[in-house]
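Heads up: the structure comes next, in structure tokens.
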Amino acid sequence: MSVTLTPSSIASEQRSTVRCASCGATLDDRTARATCPNCGGLLAVEHVAPKAKGAALRALFDERLGAASYRGSAADRSGVWRFRELVLPAARPEEIVSHPEGNTPLVAREAVAGFAGVDALRLKHEGHNPSASFKDRGMTAALTQARRIGARAVACASTGNTSASLAAYAAQAGIPAFVLVPEGRVSTGKLAQTLAYGAHMIRLRGDFDDCLELAREASEQLGIYLVNSLNPFRVEGQKTIVLELLQQLGWESPDWIALPAGNLGNTAAFGKALREAHALGLIDRVPRLLAVQAAGAAPFAAGFADDFATRRRVRAETAATAIRIGDPASWDRAVEAIRFTQGHVVAVSDAEIFAAKRVVDACGVGCEPASAASVAGVRTLVERGVIGREERVVSVLTGHLLKDPDAALAARVAGGLGAEEPLTRAEALGHLERVLSSSH
């Protein structure tokens, strides 16, 4: 069976529709809109189901992991476009903007499992993507759409990871990129990536929510294509985190999938992925989602506590900068995801996040602070008796350790790993001796 990315096998057989979740308005799949032109509601991409389903569809996806995945185009080697029938099937090969991305590891570490209190804990490390975060999965789809519609420019508001990813993929696509970041609230590593890849950066006095409001205004008034997580094509790319981890587990569903929750784009994407995977027969049981927020930026956790009777907004404050968002754009879609999966939302303190980060870092895996929220959240629900020790859990790590180098250095000092001040040779030798002695 051929698995190459050809127009005859994809575009001619499958089409997609973009539909407003609020008013039901429909647009074709070449829309430049990030939100509904009628009511401003969130849009969702709906695909005509592929002909193959169940075991046949699993076999198709698995075949693409064979020898062909090491050659061919970037899209042929991508862990996103491997699942192209469920991402954007009508995209032509020449339209796809791919690094490639995806193909991230699913790893096990006894120390992290012991800390979380779950024997069968796995870590899905999205920090192994090209720009070192999960954002690349959504960005390959969003920039492909930007190329399909002939966008004059692309833009986003960002706490850092989105801007780095957008800058990288826009550079590859040859499309001008503008990023709006809150002044003083984005780590040096993420800013360096964004500037190095050539995006035009605007530092705004305010927080992420102020940046997003301005980005949406610029999109409406200037015709710039908005690629924040409310962009429906971003969701399609980010779905593949779940599809790939299910594939890595032999299509046997875990009991829980835990993830950090900020703007709620991933929560929405994970719910959509699981709904489609179950409907298409890829899995026979739906895992429960656990969305984990930082306590200082936890409007969604507060909403969960009252069964989402009220949409909450807060002024976000947390050292986990990637999830420092007080007014999540993908709220409604995320609510649907939690309800569909009978999921749970929890808030954990910065201290709990950094405790989890130290454990993840110390076992040689490493992650940025916000990523560790997924592990901290599992630990909290185990302590509360919501998650059983025998249950199978996958915690998603969304970003690389070096996304926030200052936090990594601070955690190193807090953990007593090394001297804080420069030492002479004699002092260094004494320090080594003390460390060795204390370890026995």
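The values are calculated or read from the model by the stated rules, or taken from the named source; none is laboratory data. Note that the coordinates shown come from a computational prediction; the quantities given were computed from them, not determined experimentally. FYI the Cβ positions are ideal-geometry reconstructions off the backbone, even for glycines, and counts take in every protein chain you see. When the accessible area is computed, the model is the full protein with side chains, heavy atoms only, and any ligands, DNA or RNA have been set aside. Shrake-Rupley method; radii C 1.70, N 1.55, O 1.52, S 1.80 Å.
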Worksheet item: Quick one: which of 26-32, 159-165, 356-362, 43-49 comes out on top by average Cβ neighbours within 10 Å, and what's the full order, highest first?
Response: 159-165, 356-362, 43-49, 26-32
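How much of the accessible area of the stretch 124-186, probe 1.4 Å, is carbon plus sulfur, in whole percent?
Numbers: 680 of 1450 Å².
With neighbouring chains kept in place, the figure for the stretch 124-186 is 47 percent.
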Worksheet item: How far, in nm, would the chain grow between R313 and A171 when pulled straight, counting 0.36 nm per residue and subtracting the alpha carbon separation?
Response: 47.7 nm
Worksheet item: Counting only heavy atoms of protein chains, what accessible area per residue, in Å², does the stretch 56-96 have with a probe of 1.4 Å?
Response: 37
Discussion item. How much accessible area per residue does the stretch 100-160 have, counting only protein heavy atoms and a probe of 1.4 Å, in square angstrom?
Written reply: 27
Discussion item. Give me the one-decimal nm value for the distance between modelled label points at A120 and L432, 7 Å along each residue's Cα-to-Cβ direction.
Written reply: 4.5
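Could you order peptides 237-245, 124-132, 398-406, 313-321 by the average number of other Cβ atoms within 10 Å of their residues, highest first? Provide the component values of the computation, followed by the final result.
Numbers: 237-245: 26.8, 124-132: 24.3, 398-406: 22.3, 313-321: 19.6.
Peptide ranking by packing, descending: 237-245, 124-132, 398-406, 313-321.
Could you calculate the FRET efficiency of N103 with C39 from 1/(1 + (r/R0)^6), where r is the beta carbon distance between them and R0 is 30 Å, rounded to 0.05?
Details: r = 38 Å, r/R0 = 1.28.
E(calc), rounded to 0.05, equals 0.20.
Tell me which DSSP H helices of the chain clear both cut-offs, 27 Å or more of axial length from alpha-carbon atoms and a mean Kyte-Doolittle hydropathy of at least -1.0. Don't skip to the end; give the middle numbers.
On the way: long enough: none.
Going by DSSP H runs, there are no hits.
Among E368, E63, what's the order by accessible area (1.4 angstrom probe), most exposed first? Write down the numbers at each step before the final one.
Details: E368 0, E63 75 Å².
Per-residue accessible area, sorted high to low, gives E63, E368.
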Discussion item. Probe radius 1.4 Å, ligands and nucleic acids ignored: give me the carbon and sulfur share of the accessible area of the stretch 28-107 as a rounded percent.
Written reply: 54
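Mind checking Rg over Rh on the stretch 254-375, alpha carbons, Kirkwood formula for Rh? Numbers along the way, then the final one.
On the way: Rg = 14.4 Å, Rh = 14.5 Å.
In the stretch 254-375, Rg relative to Rh is 0.99.
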Worksheet item: Looking at the chain from every direction and averaging, what is the projected area of its Cα convex hull in nm²?
Response: 22.1
Item to complete: Of the listed pairs K53/K239; K239/K403; K124/K272, which have alpha-carbon separations greater than 20 Å here?
Response: K239/K403
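Give me Rg over Rh for the stretch 232-308, both radii from the alpha carbons and Rh done the Kirkwood way, two decimal places.
Values: Rg = 13.1 Å, Rh = 13.1 Å.
Using Cα coordinates only, the ratio equals 1.00.
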Discussion item. Can you give me the % of accessible surface on the stretch 199-328 that is carbon or sulfur? Probe 1.4 Å, all protein chains present, nothing else counted.
Written reply: 47
Worksheet entry | Solvent accessible area, Å² - E427, 1.4 Å probe, full protein context | 90
Practice prompt. Give the Kirkwood hydrodynamic radius (Å, one decimal) of the stretch 81-196, defined as one over the mean of 1/r across all pairs of different Cα atoms.
Written response: 15.6
Worksheet item: Measuring from centroid to centroid over Cα atoms, what is the spacing of the stretch 338-374 and the stretch 194-235 in Å?
Response: 26
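Regarding the stretch 135-278, what is the average projected area of its C-alpha convex hull, in nm²?
Working: hull surface 35.8 nm².
Across all orientations, the stretch 135-278 yields a mean hull projection of 8.9 nm².
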Practice prompt. With a point put 7 Å past each Cα toward its Cβ, work out how far V386 is from A351 in nm, to one decimal.
Written response: 2.0
Discussion item. I'd like to check one number: the per residue accessible area of the stretch 169-263, probe 1.4 Å, reported in Å² as a whole number.
Written reply: 35
Worksheet item: Ratio of the stretch 260-300's C-alpha Rg to 2.2 N^0.38 Å, to two decimals?
Response: 1.37
